[in-house]
């Protein structure tokens, strides 16, 4: 949920002695004569870049320990907690964010677009209402003011609302690297715990989402233990009715909190809904089966078994609401 | 003065009242009738303060002044806002295992890091132990806690070494380079497991720190004869204070005195610090900065000893600020309790007996655990007449993080016990839940199980009516899978310290040459207006405008001792001390004024920075205007009258002495009573609980500052809602899994509705002007209020905190009746309140 | 690489200081510029006590490096005070209505409310709650904080109506 993290490292011992961690670092301390202040060797090298080309070049130059810095809402907390110690930060904030654009039935968001910019975008509200709804659940106002689309995608948190929406709206992540531009389907993008398909020197440059069509309805449902906290689980649902008949033509789900990374609802199971208007019982059955094909984890916030129960309910509710909305729009034609 | 003109008053604006005769205030500590002897006290009840009397000039006014002005400007200086030339930055190195022998500690790599000024371990501590003062409890073990662990680690996070360096980064780096070799030992992580024979011993002398027994009458016989016996088992969790300001302070050496400026509730710790350094007491000075919240987390020493050691060793200033995660990990927590109740009653709902067992997880070291479990025992029956009682209350060591003071201090936890039992009793008998309580409420004059007689008004009934009235019409569920329920809970909470500690507080007041007033008092300020209230009281009695009063607090070198800010004692103790000091000062200078004004001493009026003769009409000319306080001071000097007073306040200790019957204990000076009521909606499919309405009503005795009283009630309710619904320190083999603020969840503005508050003013408090302290009382009712409301909504009773969606679902799914230790019991569909 | 000169514009005043790139804005404002109204609460971006306005938008001072915000407009609570240190009407409302107790969260809360008030003429109580959802307070229970914000907004609406009429 909020741009937080499940660190892979033991967080219970922030001040633990870590053998070998810093034996070679900080051998030089500079005494600033003018101000009589001690500076340690800076924790990292820093470079501000103004284009994706520059970013990729800098990442390559600074090597393995370099990290791209976008909104900083996920990365910097990890650094403040000393859990992540990049040797270099490549600051992408010199790269401007273009306004969201509609192109060929898709909404395009540049990577450096802030969550807050999406929230106030009329275009986004109209073309991808699911996105606008989901972003209201992200973190708090400060996270939304700084956090970026690209940064959130690259971080790949299992509970990222943006990821859920990307999966539900046929998202395509645009990346740029030494070998040029790449388009990655959202369904291929999130591969593991805080792990995406991005290669080491690639950066996300944008996200494309299917724009709303007539005869389409969407819904976002999430449960967190508290406002602004990380989601226990969440669902983004998008249902399109067939062009001629009022039956389901297509349905997609983006799920968060159900695995180590965001996942799409199982297509095979969902295909059972195509060509029909399902009854509540049928929706529930599909929800149950989709849930059965996920692998929620137990952590400090919730057990796997509760997540399983919860996800089924949320899927059912999201599908029901998305269907209602699709039917409303269809009848309004 | 009309309410409208009061409401329009702006801060700092002097509210001028028409002349009033001198106030004769009764001796402190003795209950007084409502009128306080002020004939001009007009009843001025409002909707939220039904028994309010007309505010005095300043007391009873919602004035905002002193530190609050600095707080909205952002200019107030907290403990970390202090920088000295050459200052070093400190860091504590903490154990990463829960139970182990320390084989060796290697500090050479840390020391070698450039910029490191000192690395200290236990062998550098002259007297490496902290020993709590005895609580007076039966069988209390005397267990010392090392300042820095040398041979043995007993909890994950236990301090082992200290680092001071030129920058915080270097200090943190050095801390990581300290290497500790452990030989892990079996640990015990559950207090009930720690009670079993053969359990690993946290301390050599055993795992039970203390075992209190309070007895009255013959419980077994009464239970056997009772018409009904209701049983229940309840569990609460470890909670974290999460004050926004983490533990912090700065230390330095000044004139050969180790001087510490720390966020602390108790400056009297200075003597303990001196002992640890093996210095004479006059070589340590402790100054309390205004705290950014505390709630008990800063009652024991936090950074003090570490700062003192580093300062003393390096001879340089040192600053230490605990990181949030460190604070969550290693600072003391609120006790989890396991509570077992057997309540016997007659068929018409009267309690005849309570048989109670309390177990509190003390964690690895004593801290205040012995006292917390006493509070739990003493308040375990709540505000109900209990003819026969047996309560056993044990503080048990484990290898978990140590527990200590947390707002409510044991009396908070037991409310879940007794208020769940009351609802259960009502359900069993098919009685109205409010009626059952009314039949059992204590009254003034009753003897409570600890042996003392209640000698002030017991307004719990009135708080019940008001809180319930606030809920108004029931809300309809918002959907087919939702249920709405209502619940309420009454509580009783002491204020003032346990009587056998012979509490006292002193205050020193002086009028300066220009008529401004200085108050010096050792009180500390946790953010609830502890210091500002003293100004209001002094202003009322001496007529000095608030902006012409300065208050100096919490400095062992300069302020007369007032004891720490805990046990909801400050308004009662320091408030009374300031009040008496002000009265004495007035008595001292009034004769000088009388002579100058040519009126009897009884006719001297102090108001608006001047002294006047009462009853003089303006046409009497200059003499009607009186003289300024500054002029009075000159006159005093001419007559060798020193316009200063120092007053030492001892509360009226007219209670049973320590030679009471076996099992009968003297306890507290007085209590405050309150009721909360709530309406919740439960989502049957997800288990989510949403609070729709929440009301809090407490007896404040007299609200010195109604705005602040309301603030305490709303804040306490919110913190209680966190405790009831979402806050939980999750421990796994003694290691805290939820050490980030991102996953120790405290309520936000977006989580709860506004808390509706009502203040009852019985006028019989033992604080100054009949006030009662209620800073802790206001959190106690919340958890049972929510538990009762949820039970009403879903028909199953939550008995474990926090009431998470997961636990609610488990209750619903355990509907087939299979559950462990009575934690799930179907509730007959009783009427909602 | 070691320290570099940057210019930080805080409350309308340009400060030329020397920082290393790993210095957080929070630490630079406090330790180098002596601005104690920006505070450390968690380092995670959760609590809001380090809130500053960056070109009018609320951000966490603990999550941005000073080198990143050169030449941007940074506002701290002190920046709301009048010429003679007089209180901004929003601060007065907090004082009058009891919106502050221990005071530690107050700068972050007021700045966030101020930022909202700049964007919307009269947000609802729910909108205010939502905007303040990232500013933790452990003392007040939030009710009086929101009362204060609403009072300020209502006074402001009144004042603008008066100037128009």
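We did not get these values from a lab; they are worked out from the coordinates using the rules stated. Predicted, not measured: the structure shown is a model, and the values here were computed from it. We place every Cβ from the backbone using ideal geometry, glycine too, and count neighbours over all the protein chains shown.
Distances over 50 Å make up what percent of all Cα-Cα pairs in the protein assembly as shown? List each step's numbers first, then the result.
Working: 270594 of 885115 pairs.
The calculated P(r) of the protein assembly as shown puts 31 percent of pairs beyond 50 Å.
Rounded to the nearest 0.05, what FRET efficiency is calculated for residue B:588 and residue B:205 with R0 set to 41 Å and r the Cβ-Cβ distance?
Values: r = 54 Å, r/R0 = 1.32.
The calculated FRET efficiency here is 0.15.
Percent relative contact order of segment B:109-161, based on C-alpha pairs within less than 8 angstrom and at least six residues apart? Spell out each step's value before the answer.
Numbers: 51 pairs, mean separation 18.4, N = 53.
Computed over segment B:109-161, the figure is 35 percent.
According to the square roots a ≥ b ≥ c of the eigenvalues of the Cα gyration tensor, what is the shape class of segment B:233-351, taking rounded for a/c under 1.5, prolate for a/b larger than b/c otherwise, and oblate for the remainder?
Prolate is the answer for segment B:233-351, as a/c is 1.5 or above and a/b outweighs b/c.
Please give, to one decimal in nm, the separation of the simple spin-label points placed at residue B:628 and residue C:13, each 7 Å out from Cα toward the Cβ.
Each label point lies 7 Å from its Cα, and together they span 3.3 nm.
Write down the Kirkwood hydrodynamic radius of segment C:4-80, to one decimal in angstroms, obtained as one divided by the mean of 1/r over all alpha carbon pairs. Walk me through the numbers on the way to the answer.
Working: mean 1/r = 0.0832 Å⁻¹.
That comes to 12.0 Å for segment C:4-80.
For segment B:40-160, take the alpha-carbon Rg, divide it by the Kirkwood Rh, and send me Rg/Rh. Walk me through the numbers before you get to the answer.
Values: Rg = 25.7 Å, Rh = 20.6 Å.
Using only Cα positions, Rg/Rh for segment B:40-160 is 1.25.
Could you grab the Rg to Rh ratio for segment B:504-650? Cα atoms only, Kirkwood for Rh.
1.02
With viscosity set to 1.306 mPa s and temperature to 10 °C, compute the Stokes-Einstein D of chain B, Rh being the Kirkwood radius across alpha carbon pairs; µm²/s, no decimals. Write out the running numbers ahead of the final one.
Working: Rh = 28.0 Å.
It diffuses with D of about 57 µm²/s by this estimate.
Only bridges whose two residues both fall in segment B:318-434 count here: according to DSSP, what percent of them are antiparallel, nearest 5? List each step's numbers first, then the result.
On the way: 9 of 21 bridges.
Antiparallel bridges: around 45 percent, rounded to the nearest 5.
List the relative contact order of chain B as a percent without decimals, with contacts defined as Cα pairs under 8 Å and 6+ residues apart.
Details: 2154 pairs, mean separation 134.3, N = 833.
Relative contact order here is 16 percent.
Quick check on segment A:44-94: take the gyration tensor over C-alpha atoms, sort the square-rooted eigenvalues as a ≥ b ≥ c, and tell me if it's rounded (a/c under 1.5), prolate or oblate.
Oblate, since a/c reaches 1.5 and b/c is not below a/b.
How much of the DSSP bridge set in the protein assembly as shown is antiparallel, in percent, rounded to the nearest 5? Provide the component values of the computation, followed by the final result.
Numbers: 162 of 203 bridges.
Percent antiparallel among DSSP bridges in the protein assembly as shown is about 80.
For segment B:385-473, what class follows from the C-alpha gyration tensor (a ≥ b ≥ c being the square roots of its eigenvalues): rounded when a/c is under 1.5, otherwise prolate if a/b is larger than b/c, else oblate? All intermediate terms of the calculation are to be shown ahead of the outcome.
On the way: a/c = 1.75, a/b = 1.46, b/c = 1.20.
Judged from the Cα gyration tensor, segment B:385-473 comes out prolate (a/c at least 1.5, a/b above b/c).
Normalised by the number of residues in chain A, what is the relative contact order in percent for Cα pairs under 8 Å and 6+ residues apart?
Value for chain A: 16 percent.
When the Kirkwood hydrodynamic radius is evaluated over all pairs of different C-alpha atoms of segment C:89-164, what value in angstrom, to one decimal, is obtained?
Details: mean 1/r = 0.0810 Å⁻¹.
In segment C:89-164 this quantity evaluates to 12.3 Å.
Per-residue ellipticity at 222 nm for chain C, helices alone: DSSP H runs ≥ 4 residues times -39500 (n - 2.57), over residue total, nearest 500 deg cm²/dmol?
Values: 4 runs with 52 residues, N = 165.
The per-residue figure over chain C is -10000 deg cm²/dmol.
Please build a GNM for chain A, connecting alpha carbons under 10 Å apart, and tell me which residue among A:300, A:288, A:110 fluctuates the most.
Answer for the Gaussian network model of chain A: A:300.
Calculated FRET efficiency, residue B:465 and residue B:648, Cβ-Cβ r, R0 30 Å, to nearest 0.05?
0.15
Considering only DSSP beta bridges with both partners in chain B, what is the antiparallel share in %, to the nearest 5? Don't skip to the end; give the middle numbers.
Details: 103 of 134 bridges.
Percentage antiparallel, nearest 5: 75.
How large is the direction-averaged shadow of the alpha-carbon convex hull of chain A, in nm²?
Details: hull surface 76.5 nm².
Reported value for the Cα convex hull: 19.1 nm².
With everything on Cα atoms, drop me the angle between helix A:280-292 and the longest principal axis of chain A, reported from 0 to 90° to the nearest 10.
30
For the pair residue C:159/residue A:332, report the inter-label distance in nm, with labels modelled 7 Å from Cα in the Cβ direction.
Inter-label distance under the simple model: 4.1 nm.
Run a plain Debye calculation on segment A:101-210 (Cα atoms as equal point scatterers, no solvent) and give log10 I(q)/I(0) at q = 0.19, 0.21, 0.22 Å⁻¹, rounded to two decimals, same order as the q list.
Result of the Debye calculation: -0.92, -1.13, -1.25.
Once the principal axes of the Cα atoms of segment A:30-164 are found, what is the range along each, listed largest first in whole angstroms?
Computed over segment A:30-164, the largest-to-smallest principal extents equal 58, 30, 29 Å.
Taking N as the number of residues in segment B:298-457, what is its alpha-carbon radius of gyration divided by 2.2 N^0.38 Å? Walk me through the intermediate numbers first.
On the way: Rg = 20.6 Å, N = 160, 2.2 N^0.38 = 15.1 Å.
Taking the Cα Rg and dividing by 2.2 N^0.38 Å, one obtains 1.36.
Of all the Cα-Cα pairs you can form in segment A:216-331, what percent are over 21 Å apart?
On the way: 2202 of 6670 pairs.
For segment A:216-331, the fraction of Cα-Cα distances above 21 Å is 33 percent.
In a Gaussian network model over chain A where Cα atoms closer than 10 Å are linked, find which of A:294, A:303, A:320 has the largest mean-square fluctuation.
In this elastic network of chain A, the residue with the biggest mean-square fluctuation among A:294, A:303, A:320 is A:303.
Report Rg/Rh for segment B:175-289, rounded to two decimals, where Rg is the Cα radius of gyration and Rh the Kirkwood radius.
Radius of gyration relative to Kirkwood radius: 1.15.
For segment B:71-102 and segment B:506-540, compute the distance between their C-alpha centroids and round to whole Å.
29
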